[in-house]
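Novice: Submitted below is the structure of interest, expressed as structure tokens.
The values are calculated or read from the model by the stated rules, or taken from the named source; none is laboratory data. Every value quoted in this text rests on a predicted model; they were computed, and no experiment measured them. Here the Cβ is made from the backbone with ideal geometry for all residues, glycine too, and neighbour counts use every protein chain on show.
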Amino acid sequence: MRAILKVFAYAKDYKNKLYLAVVLATTAVLIGIIPYYLVYKIIIGFIDGLPLTINYFFLMAGLILLCLLGKSFLYLKALAASHEAAFDTLMGMRGKIADKMIKMPLGAITEKSSGQFKNLFVDVIEDMEIILAHMIPEGISNLVVPLAVITYLFVLDWRMALLSLGTIPIGIIVFSLLMRGFNDKLARQIQSSNEMNSNIVEYINGMEVIKIFNQTASSFKKYTESVENYKEFTLAWYQDSWNYFCAFFVIVPATILFVLPFGALFYVQGTLALSTYILSMLLALGLGMPLTKITEFGTKFQMVTEKSKSIEDLLTQAELVESRQKARPHNHDISFNRVTFAYQEKDVLENISFEVKENTVTAFVGASGSGKSTIAKLLVRFWDVKSGTIKIGNVNIRDISFEDLMNYISYVSQDIFLFNTSIMENIRLGKPEASEQEVIRVAKLAQCHDFIMETEKGYATFAGNSGDKLSGGQRQRISLARALLKDAPIIILDEATAFADPENEDKIQEALNGLLRGKTLIVIAHRLSTIVGADQIILMDRGTIAARGTHEQLLSKSELYHGMWQAHLAAMDWDIAVKGEER
């Protein structure tokens with residue numbers, strides 16, 4: 001019941017439509033009982049020897065037809081109202097989950113695969129439609145009407161009322177056998193479904209690698225095993241349940257099973273009037289369909305309840321706390337003071353302290369996994385620190401609203417993501433209200449106007465899924481154009497040229513020169529030659545600051561940096577030698 005109430009709470013803005021659906025569905029079920037009563041009147045007319053004319057039969061047939069048509073009409077209207085409310089609610093639920101994800105730490109999101117989120121957004125939320133569009137209106141109506149009919153049967157003859165309920169205890173026994181280990185089995189099915197969805201998404205995303213290495217669906221073990229496991233478990237569960245399931249839905253609707261023989265016995269014994277016996281049989285027959293619907297929803301309810309836990313689990317996840325102070329920094333100096341951070345248990349950053357002055361360039365270098373990118377992500381509050389403080393302009397970033405913080409910072413990641421929409425709209429994400437002229441201006445500054453105009457539709461060309469219609473260097477330049485358009489005072493470049501070829505790197509560097517004038521810049525670098533002119537270079541080693549200073553200072557005082565520089569020069573010499581051989 002709690003699950004129904006929670007789902008119903010999501011539909012509070014559309015509750016009037018649900019109330020209307022319940023009223024219409026209840027009326028439809030009540031009208032569906034009337035034909036049984038009309039048949040009873042015809043039978044009693046024969047028994048009592050009343051003068052029944054052909055007009056009387058036409059009248060009764062017409063009334064029965066009207067009842068059936070009215071039942072169908074009201075039922076369709078009820079479903080229309082409940083489905084309208086349901087799909088509006090599902091839209092709201094998806095919006096609420098999307099908003100929740102924005103407020104969650106990025107680490108909590110990356111713990112789940114994209115397949116799991118697909119399952120949550122599409123499949124699990126879609127299952128909530130069963131509660132809203134069917135279980136609430138149909139379930140309530142199919143519960144209210146049988147209660148009214150059974151109450152009336154108790155008024156007629158308590159024995160017949162009890163006999164009409166005689167199949168329910170048997171049904172409960174069968175149902176308990178059907179539901180043995182249900183929660184455990186459903187949990188395993190949900191888990192196998194999540195694994196299958198995750199592996200399907202991974203398989204599709206990795207299609208290029210699969211083709212290159214001449215793999216097939218059958219040889220991609222994770223994919224085939226997860227699909228096979230889901231199929232085998234689901235079929236085994238269904239096969240184990242089918243016999244009980246069929247027995248249950250045969251026995252429970254057979255409400256006349258005990259009414260017919262025992263009612264006849266009471267009639268022969270003279271303790272039951274013939275009219276009561278006939279009416280009891282007809283009303284018992286009318287109970288069959290509503291009882292079937294209730295029990296059918298009972299099994300679906302169990303499944304939906306279990307699945308809805310994943311929605312509640314996500315919505316109750318801890319959020320990044322936003323202060324009510326809404327402070328605004330007076331300048332764009334950046335400071336980390338004794339910052340420690342851990343993704344799980346092990347610290348990734350330990351007791352980090354440094355300052356970045358406004359309108360200066362600070363570069364972070366170090367081996368992979370040393371904590372460089374983590375520093376950048378903490379500054380934009382993808383996570384909150386374990387201890388210590390991060391400030392902009394002497395204001396703790398926790399005291400700055402998310403909206404203001406994002407307005408202060410442009411973050412260009414090495415993992416460039418473009419949406420499958422036009423190049424124009426992908427750039428315009430930096431400033432949604434920007435005109436086409438503004439977009440084209442920054443595209444020229446970012447050195448991507450020329451290649452955009454060479455595409456089939458220019459700025460109207462779609463970038464493809466994750467920007468797969470463009471090269472890595474082209475995607476990076478579009479992301480820089482996006483950052484230029486945003487025009488934030490603080491720029492974070494997280495290895496923004498990591499995947500660029502030399503030609504594109506030169507163009508990207510030229511774009512950066514236009515981006516950085518008058519900005520506070522933080523660069524996460526992997527090519528040391530790109531940051532030799534930085535005002536400050538911070539060398540990271542295993543989550544701590546190993547050294548800091550200018551390029552010349554680090555060369556003279558840090559063996560680690562000196563070794564990295566020599567390795568970088570050797571790599572550049574090798575690259576030049578290879579190109580010379582090619583010529």
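Novice: Take Met101 and tell me if it is hydrophobic (A, V, I, L, M, F, W, C) and within 30 Å of Arg398 (Cβ to Cβ).
Specialist: yes
Novice: Cβ-Cβ under 9 Å, sequence separation 6+ or interchain: first residue in region 108-135 and outside the structural domain of Ile294 (by TED's automatic domain parsing) and free of Cβ contacts under 8 Å to residues at least 12 places away in the same chain, partner surrounded by 21 or more Cβ atoms within 10 Å (Cβ to Cβ) and of a type in the set (A, V, I, L, M). Which pairs?
Specialist: The qualifying pairs do not exist here.
Novice: Additional query: Do we find a residue being over 14 Å from Gln414 (Cβ atoms), modelled with pLDDT of 75 or more and not polar (S, T, N, Q) anywhere in region 491-498?
Specialist: Yes, region 491-498 has at least one match.
Novice: Still on this model: Would you mind listing the helices (runs of 4 or more DSSP H) fully within region 54-125 where at least 1 residues are within 28 Å of Thr27 (Cα to Cα), in contact with a Ser or Thr (Cβ under 7 Å, 6 or more places away or on another chain) and at pLDDT 90 or above?
Specialist: Per the criteria, 54-103.
Novice: Among the residues of region 548-564, write down those that are in contact with a helix residue (DSSP H, G or I) (Cβ under 6 Å, 6 or more places away or on another chain) and either of a type in the set (A, V, I, L, M, F, W, C) or not assigned by TED's automatic domain parsing to the domain that holds Glu345 (or both).
Specialist: Answer for region 548-564, where residues must be in contact with a helix residue (DSSP H, G or I) (Cβ under 6 Å, 6 or more places away or on another chain) and either of a type in the set (A, V, I, L, M, F, W, C) or not assigned by TED's automatic domain parsing to the domain that holds Glu345 (or both): Leu554, Leu555.
Novice: Still on this structure, please answer the following. Determine whether Gln437 is in a loop (DSSP other than H, G, I, E, B), over 24 Å from the mean Cα position of the chain (by Cα) and not acidic (Asp, Glu).
Specialist: For Gln437, the condition - in a loop (DSSP other than H, G, I, E, B), over 24 Å from the mean Cα position of the chain (by Cα) and not acidic (Asp, Glu) - is not met.
Novice: Mind checking which residues of region 223-241 are loosely packed, with under 15 Cβ neighbours inside 10 Å and either at pLDDT 85 or above or not aromatic (Phe, Trp, Tyr) (or both)?
Specialist: Within region 223-241, Glu225, Glu228, Lys231, Glu232, Leu235, Ala236, Gln239, Asp240 meet the criteria.
Novice: Identify the single condition in (1) under 26 Å from Gly467 (Cβ atoms); (2) touching a Gly at 6+ places or on another chain (Cβ under 7 Å); (3) crowded, with 17+ Cβ neighbours inside 10 Å that Gly371 does not satisfy, given that it satisfies every other one.
Specialist: (1)
Novice: Now, a different point. For region 383-413: of the residues being among the aromatic types (Phe, Trp, Tyr) and surrounded by 17 or more Cβ atoms within 10 Å (Cβ to Cβ), which is nearest to the chain's Cα centre (by Cα)?
Specialist: Checking each candidate, the answer is Trp383.
Novice: Please state which of the following conditions Ile416 fails to meet, knowing it meets all the rest: (1) in contact (Cβ under 8 Å) with a residue 60 or more places away in the chain; (2) surrounded by fewer than 18 Cβ atoms within 10 Å (Cβ to Cβ).
Specialist: Tallying (1) in contact (Cβ under 8 Å) with a residue 60 or more places away in the chain; (2) surrounded by fewer than 18 Cβ atoms within 10 Å (Cβ to Cβ), Ile416 fails exactly one: (2).
Novice: Which ranges mark the strands (runs of 3 or more DSSP E) fully within region 354-431 that have 1 or more residues being modelled with pLDDT under 90 and hydroxyl-bearing (Ser, Thr, Tyr)?
Specialist: Those strands (runs of 3 or more DSSP E) span 409-412.
Novice: Can you name the condition, by its number, that Leu521 falls short on among (1) over 30 Å from Val339 (Cα atoms); (2) modelled with pLDDT of 70 or more?
Specialist: (1)
Novice: Separate question: Name the residues in region 333-349 that are over 23 Å from Gly393 (Cα atoms) and assigned to a strand (DSSP E or B), would you?
Specialist: Ala342, Asp347, Val348
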